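The values are calculated or read from the model by the stated rules, or taken from the named source; none is laboratory data. Keep in mind the model is a prediction, meaning the values are calculated, not measured. Cβ: placed from backbone, ideal geometry, glycine included. Neighbour counts: every protein chain shown.
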Amino acid sequence: MTWNVTCTYSQFLAQKTPTCCVSLSSFYNHTIVNCPTCTCGCKSNSTGSGGCVDPKTPHLASAVTGPGKSNLNTPLVQCTSHMCPIRIHWHVKLNYKEYWRVKVSITNFNYRMNFSQWNLVVQHPNFDNLTQIFSFNYKSLTPYAGLNDTAMLWGVKFYNDFLNEAGPLGNVQSELLFRKDKSTFTFEKGWAFPRRIYFNGDNCVMPPPDSYPWLPNAGSRSMVSVLRLAMTVLASFVFLVAYA
C-alpha cells in the first residue's frame, strides 16, 4: 500500500480574522491611505481577548503583563483603527531619472508576541528590475517561467531579523531601489504599489484600489487653471462695472 500526503496552510483555519494589513503613501500625494477600519477587529474599551491597549495609558505595563499574559495565542494589540497585530507600510519615496525608490516598514502592534526570522512576500511587476535593497535580505520567487514579479524579503541576522513586540522597538524597515523599465514604468493608477503582500505566510489585507494615493491628474490641474482664469476675468469685469 502506498499513499501521498499533501500539507497545505490555511490562514482561515489558523485564525478567524486577518493578522496583518497594508497601508500606502507616496511623495506625489499628501494622502496617507491607512489600513481599512476594523480590518482585524474593531476597537473595544476592554483589554484582553478582543480588546486593545492605549499606549498612552499610565497602566500600560499592568495591562500587558496582567491576567491573560500567558495566553500568547490571544493577541493584545495597541488600539488602532484597524486593530491588526502587524501593519506593513509601503511608501513611494523618491523619483530619479533612471530609478525610483520605495521604503517598506513593518510595525508590530501586538504586546504579546515577538517575531524571530520573520519574512515578507511581495508581488509587484517591477521586481524584475530591483537594483538594490538596503537592509533586508532578498530572494526572487519565480513560480512561472519568465515572470519575475514576486520577492521574498527577510531580516539581516543580528540586525533586524527579530521583530520586537509593540513599543518603540517594534518595527523594522528597509528601502528598495528599482530601475525604470520605460516600457512598463508609470506612477499612474496605483502601479507603484504592491499587488499583494504576505507576512509569515498570512495574506495581508490591502486598501481598496479606489483609495490609493493617485498621481495628480494633469487634466484636473488644467481645469483648475481655466476656472481660476475665468474667475479672475469675472472679478475684473465686476470691478470695472462698479467703478465705471
Residue 35 fails exactly one of the following numbered conditions: (1) part of a strand (DSSP E or B); (2) modelled with pLDDT of 95 or more. What is the number of that condition?
(1)
Scan 185, 193 and give me the residue that is modelled with pLDDT of 90 or more, under 18 Å from residue 106 (Cα atoms), part of a loop (DSSP other than H, G, I, E, B) and under 32 Å from the mean Cα position of the chain (by Cα).
193
On the basis of being of a type outside the set (Val, Ile, Thr), part of a loop (DSSP other than H, G, I, E, B), modelled with pLDDT under 85 and touching a Pro at 6+ places or on another chain (Cβ under 6 Å), does residue 55 make the cut?
no
Cβ pairs under 8 Å, 6+ apart or interchain, first in the range 106-117 and touching a residue at least 60 places away in the same chain (Cβ under 8 Å) and closer than 23 Å to residue 135 by Cα, second of a type in the set (Phe, Trp, Tyr) and not in a strand (DSSP E or B), ordered by first then second residue, are 106/118
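Please list, ordered by residue number, the strands (runs of 3 or more DSSP E) wholly in the range 73-133 having 1 or more residues that are over 15 Å from the mean Cα position of the chain (by Cα) and of a type in the set (A, V, I, L, M, F, W, C).
In the range 73-133, 86-95, 99-108, 130-133 are the strands (runs of 3 or more DSSP E) which contain 1 or more residues that are over 15 Å from the mean Cα position of the chain (by Cα) and of a type in the set (A, V, I, L, M, F, W, C).
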Sole miss for residue 87 among (1) surrounded by fewer than 17 Cβ atoms within 10 Å (Cβ to Cβ); (2) in contact with a Ser or Thr (Cβ under 6 Å, 6 or more places away or on another chain); (3) farther than 24 Å from residue 186 by Cβ is condition (1)
Would you be able to say whether some residue in the range 206-219 is part of a loop (DSSP other than H, G, I, E, B) and within 30 Å of residue 114 (Cβ to Cβ)?
yes
Would you check which residues across the range 138-162 are under 23 Å from the mean Cα position of the chain (by Cα), in a strand (DSSP E or B) and loosely packed, with under 13 Cβ neighbours inside 10 Å and list them?
139, 140
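Residue 95: polar (S, T, N, Q), assigned by TED's automatic domain parsing to the domain that holds residue 55, at pLDDT 95 or above and buried (at least 16 other Cβ atoms within 10 Å of the Cβ), yes or no?
The answer is no for residue 95.
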Unmet requirement for residue 166, which otherwise passes all of (1) surrounded by 14 or more Cβ atoms within 10 Å (Cβ to Cβ); (2) over 19 Å from residue 88 (Cα atoms)
(2)
